[in-house]
Number of protein chains: 2
Amino acid sequence: MIIDGMADRPLEELGGKTPLEVANTPNMDQMAKIGINGIMDPIKPGIRPGSDTSHLSILGYDPYQVYTGRGPFEAAGVGVEVRPGDIAFRCNFSTSDEDGIIIDRRAGRIREGTSLIAQKINGINLEPGVEVIFKESTGHRAVLVLRGEGLSDQVSDADPKHEGKVPKEIVALDDSEEAQKTARILNELVKTSYEVLKDHPVNLERMKNKENPANIILPRGAGAVPEVQPFHEKYGLKAACIAETGLILGIGKITGMDLIEAEGATGGIDTDLNSIGRCIMDTATRNYDFILINIDGADESGHDGILKEKVDFLTRVDSVIGQVMQLEDVIFILTADHSTPISIMDHTGDPVPLIIKGPALRVDDVEQFSERAAAKGGLCRIRGSDVMNIVMDLTNRATKFGA
Amino acid sequence: MIIDGMADRPLEELGGKTPLEVANTPNMDQMAKIGINGIMDPIKPGIRPGSDTSHLSILGYDPYQVYTGRGPFEAAGVGVEVRPGDIAFRCNFSTSDEDGIIIDRRAGRIREGTSLIAQKINGINLEPGVEVIFKESTGHRAVLVLRGEGLSDQVSDADPKHEGKVPKEIVALDDSEEAQKTARILNELVKTSYEVLKDHPVNLERMKNKENPANIILPRGAGAVPEVQPFHEKYGLKAACIAETGLILGIGKITGMDLIEAEGATGGIDTDLNSIGRCIMDTATRNYDFILINIDGADESGHDGILKEKVDFLTRVDSVIGQVMQLEDVIFILTADHSTPISIMDHTGDPVPLIIKGPALRVDDVEQFSERAAAKGGLCRIRGSDVMNIVMDLTNRATKFGA
């Protein structure tokens, strides 16, 4: 169970304490008491992980080997059946004027009708042998997947990053023919998307309502879908992924887990924690050997730099821990994927606290769940890449290396 | 700030304490109190580091990749502008009799006149296309650099290690033509050096004074100058190196740092610590992002096995810590490059204590700076290769790996 971005740094306004040290978390503290504690570097000490690279590392996949960018995970997370070799992109629905100037990168933060718009792009034929897969995500976000021979993820972005500019021409980032070809197709797609979408009924309706139309597609963040050994093959564990965001659901999808979305889960601090708790307890009764759980709200409040929200959310998430503590005969691991300090408003490379609860563990004398208390625990300091090996050992699934 | 060889093992004569535990170091203890502590394996647990390999590792260079021998660093440290591919050697000025027997490996521990002698060797022409660069270091020490095509560092030493023997013939250590050629040039150099130096005015004067003449050059410790990415390129940090010994100055030089030598710095226990302190405080006011500091005396007393000297030196070096603690808005790291236990009189693979002091750190409850107190700190146990990643993270210069 990964509480996204939970860990933090001491804050003056908390008298030198961290949000987790201040939050009222009796269940987490109880778990620290009956478990074994330590700190973990999700990737390596000092390395600032993304949520994606951290989850990969914790699941035993080396992000330096398999991570090519967020595109493939975002695409998988919204339900595109990506395959190794596909080139995936994060896209924005944007607004172009008649002269080709981007006047709104987020198309008036469009919420409705993107599915209908996406259908006009999905399956578009730009080049023989290259399939265009396009799907809306939440709001103004979408994903694009190019599938076919001779493609490359070594291409630049179309998104000009600022309004008032034309889309950037996408260029090849290396000398390969594959990159040239991919760039050509993408430029064609950006141009074509405007032709196809400018008079789309959803957009005509938006313009009537004085809303910016979603009349152009701007791809960025190219990544080749990596060849990843499925989790159940790697470990022999039938696994489910309970997560709130497309990125983490995409990690679950690409590693071959069953995806489970709790009703009312928003990925924000307004998420329905009761529903997530019930979803976990329900999934635990089903036939899974392993459940990856990600709850995202603490990361959001960290990125926003809103201290009170983070402390409140940690206090509220504690109730979910109270529920899962009732599960018996499981190895339960509570940790974070990275620190998202209020003072930094982004991920940092500080280690995160970690508890393992289960039978026959070398329980230590840590009595509180926090960044500093955990550092005195019996696990000392481990890495994300150690976690699955420890799980396999503690569940007696590991085989002996040697005689 | 690296106190060379500071760490040690418990000693019976100290009632089972280490020199650092016994030394009166109120400033280091204060730093431990307000910082975060841990132990560090400069290379890996149990590996006995040299000062050079340890410094490389702490600076984020893998010594297994870039270290070929001390020669290149010694040469760079005395001001030779070495280039990648150069073959560098440590040399002794020695004394040969007329029959070619080495009667004094250190030429009467010559102190004066070596610069004049070196000028006769520097630039000597032994082989077309191979440049001979030769420069005196301190005392009987000198460095030799061969520059040109088709050279190799796979050659043996000329130094016979004991008086009363002729210089060893230098031989190729592999089958390459490059090693054969390099060995031939070196043997020629040893022979020629005697011809050129035996009647040198400095030597005639020495013989008149019944001092052994510096009439032959004995090279050893061949190493090819490695291709090293400059520190400022690797990290974007403008860096200075304040050090006392040629070896560490050479590390600074080869990694592209500005070299700063404090007046009165000797590299021994007699060094002028006040001057070093002033030099640090002065350098800190200049336009640097990073300063590497090495103070060498504790290592010397460790190698000599003189307990009282080591305890005294650590007590005195504490005043420098008192000065640097006044620096604000810096991340300050205090550590050692290795242990040089009094009982072993050489480097060992024991981990070294380390403090990080700076804003917004997860300060722990360690209240003393020592090998054992540090092991209870919030950093637990890290490696030398983690240090720069942690520095980049804590100074918000790190970029996120992933999304």
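Points to keep in mind about this one:
- Considering only A:Ala336, A:Met325, A:His347, the residue lying farthest towards the positive end of the dipole of segment A:262-354 is A:Met325, judged by Cα position with unit charges set on Cβ.
- Long-range amide H partners of A:Asp258 with built H, under 5 Å: A:Ala239, A:Ala240, A:Cys241
- Relative contact order (percent, whole number), chain A, Cα cutoff 8 Å, 6+ residue spacing: 31
- Phi-based couplings in Hz for segment B:149-154 (Karplus 6.51, -1.76, 1.60; Gly and Pro marked x): 7, x, 10, 9, 8, 8
- Inter-copy spacing of B:Arg106 label points, which lie 7 Å from Cα along Cα→Cβ, given in nm from shortest upward: 7.3
- When the chymotrypsin sites (Phe, Trp or Tyr not before Pro) in segment A:319-403 are filtered for DSSP coil states and for at most 14 other beta-carbon atoms within 10 Å of their beta-carbon, the remaining sites are A:Phe401.
- Among chain A residues, the beta-carbon with the smallest distance to the axis carrying A onto B is reported, with distance in whole Å, as A:Cys380, 3.
- Neighbour counts of C-beta atoms inside 10 Å place A:Met1, A:Met31 in the sequence A:Met1, A:Met31, starting with the fewest.
- When the alpha carbon gyration tensor of segment B:126-244 is reduced to an equivalent ellipsoid, its three semi-axes come out at 30, 22, 13 angstrom, largest first.
- Across the identical copies, how the B:Asp270 labels are spaced - nm, sorted shortest first, 7 Å along Cα→Cβ: 7.6
- Fraction of beta bridges assigned by DSSP in chain B that are antiparallel (%, nearest 5): 70
- For A:Ile216, the residues whose modelled amide H falls within less than 5 Å of its own, excluding neighbours fewer than 5 places apart on the same chain, are A:Ser94, A:Ser96.
- Taking every DSSP helix (H) stretch of at least 4 residues in the protein assembly as shown, weighting each as -39,500 (n - 2.57) and dividing the sum by the residue count yields a mean residue ellipticity at 222 nm of -9500 deg cm²/dmol.
- Under 5 Å, built H, 5+ apart or other chain: amide partners of A:Lys165: A:Ile102
- Sorting B:Cys241, B:Cys279, A:Cys380, B:Cys380 by the number of Cβ atoms found within 10 Å of their own Cβ, with the fewest placed first, yields A:Cys380, B:Cys279, B:Cys380, B:Cys241.
- Among the trypsin sites (Lys or Arg not before Pro) in segment A:67-126, those located in a DSSP loop and surrounded by at most 16 other Cβ atoms within 10 Å of their own Cβ are A:Arg106, A:Arg111.
- Loop sites in segment A:297-358: GluC sites (Glu not before Pro), DSSP, at most 16 other Cβ within 10 Å: A:Glu328
- Each principal axis of the Cα cloud of chain A was taken in turn, and the coordinate range along them, longest first, works out to 67, 54, 38 Å.
- Working from label points 7 Å from Cα in the Cα-to-Cβ sense, the B:Tyr194 to A:Glu211 distance is 9.5 nm.
- A crude spin-label estimate for the pair B:Lys376 and A:Asp304, with each label 7 Å from Cα along the Cβ direction, gives 4.2 nm.
- Compared with the alpha-carbon gap, the fully stretched path from B:Lys120 to B:Thr266 is longer by 49.8 nm at 0.36 nm per residue.
- In nm, spacing of pseudo-spin labels at A:Ser275 and B:Asp365 (7 Å Cα→C-beta vector): 4.3
- Pseudo-label separations to other copies for B:Ile344 - Cα-to-Cβ vector, 7 Å, nm: 3.4
Laboratory data are not the source of any read-out in this text; all were calculated from the coordinates shown. Computed from a predicted structure; not experimentally measured. Every residue, glycine among them, receives a Cβ derived from its backbone with ideal geometry; neighbour counts consider all protein chains shown.
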